[in-house]
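The values are calculated or read from the model by the stated rules, or taken from the named source; none is laboratory data. What you see is a predicted model, and the numbers here were worked out from it, not measured in a lab. Virtual Cβ from ideal backbone geometry, glycine too; neighbours counted across all protein chains shown.
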Amino acid sequence: MAIEDCTSHHPTPMQNKNDRMASRVISRLTPKNSVLFVCDMQGRFSKTIKFFPEIVKTSKRMVDAAKILDIPIFVTEQYPKGLGHTVPDLGLADIKKYEKTRFSMCVPDLVPAINDSNNIILVGIEAHACVLQTTLDLLEKGKNVHVVVDAVSSRTLPDRAGQLCHPPKLVAVKIAHFVGFEKIEKKYAFKQMDRAGAVLTTSECVLLGLLQDASHPKFKEVQKLILEPAPDVGLVSKL
């Protein structure tokens, strides 16, 4: 009796990824085919999101570039009546805010506004919740999603326990567990986005991709943002 080669029916993860890449061509970023999504960057989260000041600074970098390059900006706020409004440091006072209670940014009154945009540049919080669900919704709509990993974060579970000056052994064990859990949570949020077809990128990579050439008429303005680098606190490796 012939032995069936089972491997032919079970593609490896690398084969699956190659198949996805072959079946879908990601269009290059240009100011004309891109929009910027700013997800739930509200003041109430400032004390619970890891590296929140750094995330704000990097997101501001993307906002400034979008304004220079005339890229449309879309901003959501998660239940602002209870969670407050977008932090003023982002300079988004003149930009419409879409209120929501669902986790995804793809609310009914926002989606029609991006029908003609192929590329969505995504920053904000939280990686494993609103950013992930926004990414999956946009991918289902056929959009290319560029997740700026140095402008995306989540909560830090051990922060609450870290207020203890001398935690007992049991608490220390729990802290170690939560640190590992938090790292895994973010790691697998990004893994899920990657496997679904999103582009995981950095703020500087996006800026250079949008310019493409030093002869771009707005190069000097954007170059000022590039010359002042994003906060280097290990965000890319730790997220």
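In region 30-53, the residues that are free of Cβ contacts under 8 Å to residues at least 60 places away in the same chain form Cβ pairs under 7 Å with partners that are assigned to a strand (DSSP E or B), at six or more places apart or across chains, as follows: Q42/E77; Q42/Q78; Q42/T86.
If you go through region 58-72 and pick out every residue that is of a type in the set (D, E) and in a helix (DSSP H, G or I), you end up with 1.
For region 191-214, taking the residues that are of a type in the set (G, A, S) and surrounded by fewer than 16 Cβ atoms within 10 Å (Cβ to Cβ), the one that is nearest to the chain's Cα centre (by Cα) is identified as A196. I3 - would you say it is aliphatic (A, V, I, L, M), modelled with pLDDT under 90, under 27 Å from A129 (Cβ atoms) and not in a helix (DSSP H, G or I)? Judged against the criteria, I3 is not a match. Here is the figure for region 136-169: residues that are under 16 Å from I121 (Cβ atoms), at pLDDT below 95 and surrounded by fewer than 15 Cβ atoms within 10 Å (Cβ to Cβ) total 0. The residue that is modelled with the highest pLDDT, among those in region 182-236 that are among the charged types (D, E, K, R), under 18 Å from F51 (Cβ atoms) and assigned to a loop (DSSP other than H, G, I, E, B), is E228. Within region 36-92, if we keep just the residues that are surrounded by 18 or more Cβ atoms within 10 Å (Cβ to Cβ) and small (G, A, S), the residue that is nearest to V123 (Cα to Cα) turns out to be S59. Of the residues making up region 25-78, those that are within 16 Å of E228 (Cα to Cα) and among the small types (G, A, S) number 2. Taken together, the criteria exclude V75 from residues that are touching a Lys or Arg at 6+ places or on another chain (Cβ under 6 Å), in a loop (DSSP other than H, G, I, E, B) and either modelled with pLDDT of 95 or more or of a type in the set (A, V, I, L, M, F, W, C) (or both).
Can you tell me which residue in region 38-59 is nearest to C106 (Cα to Cα), limited to those that are polar (S, T, N, Q) and in contact with a Leu (Cβ under 9 Å, 6 or more places away or on another chain)? Only one residue fits best here, namely Q42. With respect to being closer than 18 Å to I55 by Cα and either β-branched (V, I, T) or modelled with pLDDT of 95 or more (or both), L122 fits the description.
For (1) in contact (Cβ under 8 Å) with a residue 12 or more places away in the chain; (2) of a type outside the set (V, I, T); (3) within 23 Å of N33 (Cβ to Cβ); (4) out of contact with any helix residue (DSSP H, G or I) (no Cβ under 6 Å at 6 or more places or on another chain), each residue gets a yes or a no:
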position	(1), (2), (3), (4)
P88	no, yes, no, yes
V107	yes, no, yes, yes
I114	yes, no, yes, yes
A127	yes, yes, no, no
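Selection of region 92-102 for residues being in a loop (DSSP other than H, G, I, E, B), farther than 26 Å from C205 by Cβ and not acidic (D, E) yields A93, K96, T101, R102.
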